[in-house]
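Asker: The structure is given below, and queries will be raised subsequently.
Every number here is computed from the coordinates shown, using simple stated rules; none is lab data. This structure is a prediction, so every number in the text was calculated from the model and none was measured. With ideal geometry, Cβ positions are generated from the backbone for all residues, glycine too; neighbour counts draw on all protein chains shown.
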Amino acid sequence: MNLKVKASSRLLLSIALAGGCSLWGAGTTNAATINCSTSSCLTNALANAMPGDIIVLAAGVTFNGQFTSAVNGTSSAPITIKSASSSSKAILKGPSTSSGYGLHVTGDYWMVQNIKVTNSQKAIMLDNSNHTTIDGVEVYNIGAEGIHFRDGSSYNTLKNSNIHDVGKVDPGYGEGVYVGSDEAASYNHTVKNNSILNTTIGPNVTAEHIDIKEGADGTLVQNCTFNGTGISGANSADSFIDIKGVNSKIYNNTGNRNGNSNIADAFQNRIHGSSYPTGTNNDFSGNSVNLNGVGYIVNVASGSAKVHANTRSDGSSMLYNGNYTPY
C-alpha cells in the first residue's frame, strides 16, 4: 500500500485504505491526517509523508517493528507523529533490546508526540535531523541509550518526557540522552543548540542520564529531574550529567543520588580529545541535588565552567571542584 497520492487527490479528501489506515485531506494544501492502527500503515505513512502531514496512532495500540523516515517537513509545516490519546499512548515496540532503533528520523522539522518506545537497542535516534521536537514520550526497556541527537542533529528539543530502564544489555552505554558522538566515531560531531527540558530520567538508567559529547555546542538542560537509582558505574558512568561539549547551560534541575554509591558527583565537566571544541564555558545555575553527603555538585575535572546558585539538600558544603568561576 502506498500512501503517497497526488496533490489534487489530497485536497478535502477522505479515503478508506487497506491495512488499518485512513487519510484525510487538510484544507488547500497537500498535507493530510493519516490514521494508523497497524505497523504496515505506520511504515508507509513515515516513508511517504509530506510536509504538514499528521500521522495519528490509534490509542493504546502496539506497533511492532523498527520505524524510520528520511522525509523533511518545513518550519511552517512540520511532519507530526502522535498518539490519538495522550493518556493511552501508542507503543512502538522493537524486535529486541539487542538491535535496531524504535524510531529513526533523518529528516528535518518533525514533531514526535505522546508515544512510548520500548524493546529496541536504542529508542529514538535523530541523525542529521534538525528542528525536531520530541514531546511527551516515554522510553523504557531499551538495550543501550534512550534518545540520541547524532550526526549533526541540531536545534532539536526533547521535553515533558520520561526515560527509565535503559542500558538493559550494555549498562556502560545506557545513557538516557546522548548528545553528539565520541571523537572516534564516524559522524558529524558538530551538534548545536539542542534542548532537554522538563524531562524525568531514571530510575534504572545505567549510564549517565545525559552525556554531552565533544563537538556539542550550546546544549540546554533545564527543569529536569534525575533519579540516580540504577546508575551502574560501568564505563565511567558516575554522574547525572557528563559534559565534554562547550557552552552548555545546565539550569534549575534536581537530582537525587538515592544512596547509589556508583554516583561520585552530580555533574562532571571535562575535556576529551583535541579534534573538536570540548569542555569549556559550561554554565551550571540553580540546580538542587541530594548526593547523600558525598562528591560535588559540579566537578570540573578538566576544562572550565561557570557556577551560580547551586544547592544541595544533604547538609554537605562540598559544592564545586576544579577550574570554576562563580558569578
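Asker: Taking a quarter of the surface of the Cα convex hull of the stretch 265-309, what do you get in nm²?
Answerer: One quarter of the hull surface, i.e. the mean projection, equals 3.2 nm².
Asker: Here is a further query. Calculate I(q)/I(0) for the stretch 187-226 by the Debye formula, one identical point scatterer on each C-alpha and no solvent, and give its log10 at q = 0.24, 0.31, 0.35 Å⁻¹ to two decimals.
Answerer: These q points yield log10 I(q)/I(0) values of -0.86, -1.05, -1.14.
Asker: Taking every pair of Cα atoms in the stretch 79-133, average 1/r, invert it to obtain the Kirkwood radius, and report Rg/Rh to two decimals.
Answerer: Across the stretch 79-133, the Cα-based Rg/Rh ratio is 0.99.
Asker: Select from Asn258, Val61, Asn193 the residue farthest towards the positive end of the dipole of the chain; place +1 on Cβ of Lys and Arg, -1 on Cβ of Asp and Glu, and compute about the Cα centre.
Answerer: Working it through, the farthest residue towards the positive pole turns out to be Val61.
Asker: Taking a cut-off of 16 Å, what percent of all Cα-Cα pairs in the stretch 112-191 are separated by more than that? Don't skip to the answer; put the middle values down first.
Answerer: On the way: 1532 of 3160 pairs.
Result: 48 percent of Cα pairs exceed 16 Å.
Asker: Can you sort Arg257, Arg150 by how many other beta carbons sit within 10 Å, fewest first?
Answerer: On the way: Arg257 27, Arg150 23.
The order, fewest Cβ neighbours first, is Arg150, Arg257.
Asker: Still on this structure: Let's test this: bin the Cα-Cα distances of the stretch 163-260 at 5 Å from zero up to the farthest pair and state each bin's percent.
Answerer: Binned Cα distances yield the sequence 3, 15, 25, 23, 20, 11, 2, 0.
Asker: Counting only DSSP beta bridges with both residues in the stretch 94-326, tell me the antiparallel percent, nearest 5.
Answerer: If I count the DSSP bridges inside the stretch 94-326, around 0 percent turn out antiparallel.
Asker: Another question, then. Could you sort 124-133, 56-65 so that the peptide with the highest average Cβ count within 10 Å comes first and the rest follow in order?
Answerer: Averaged packing, sorted descending, gives the order 124-133, 56-65.
Asker: In addition: Write down Rg/Rh for the chain, rounded to two decimals, with Rg from the C-alpha atoms and Rh from the Kirkwood relation over Cα pairs. All intermediate terms of the calculation are to be shown ahead of the outcome.
Answerer: Values: Rg = 20.5 Å, Rh = 20.0 Å.
Dividing the radius of gyration by the Kirkwood radius yields 1.02.
Asker: Here's something else I'd like to know. Looking only at the stretch 158-176, which residues have a backbone nitrogen under 19 Å from a spot 7 Å from the Cα of Val294 in the C-beta direction?
Answerer: 172
Asker: If you take the Cα Rg of the stretch 48-158 and divide it by 2.2 N^0.38 Å, with N the number of residues, what do you get?
Answerer: Its radius of gyration relative to the 2.2 N^0.38 Å reference: 0.97.
Asker: Assigning unit charges at the beta carbon (Lys, Arg +1; Asp, Glu -1) and nothing else, what dipole magnitude in debye, to the nearest 20, does the stretch 94-326 show about its Cα centre?
Answerer: Details: 13 positive and 20 negative charges, 69 e Å.
With Lys and Arg at +1 and Asp and Glu at -1, about 340 debye.
Asker: How big is the gap, in Å, between the Cα center of the stretch 276-310 and the Cα center of the stretch 228-264?
Answerer: For the stretch 276-310 versus the stretch 228-264, the Cα centre distance is 10 Å.
Asker: Could I ask something else about it? What residue among Gly180, Ala90, Thr157 has its Cα farthest toward the positive end of the dipole of the stretch 77-203, where the charges are +1 on Lys, Arg and -1 on Asp, Glu, each on the Cβ?
Answerer: Of Gly180, Ala90, Thr157, it is Ala90.
Asker: Here's a follow-up. When the helix-only estimate is applied to the chain (DSSP H runs of n ≥ 4, each -39,500 (n - 2.57), divided by the residue count), what is the mean residue ellipticity at 222 nm, nearest 500 deg cm²/dmol?
Answerer: -1000 deg cm²/dmol, from helical runs alone.
Asker: Here's something else I'd like to know. Can you give me the Rg/Rh ratio for the stretch 235-327, using Cα atoms for both radii and the Kirkwood formula for Rh?
Answerer: Here the Rg-to-Rh quotient is 0.95.
Asker: Ok, one more. Expressed in nm to one decimal, what extension gain is obtained for the pair Asn193 and Asp283 from 0.36 nm per residue of sequence separation less their Cα-Cα distance?
Answerer: 31.0 nm
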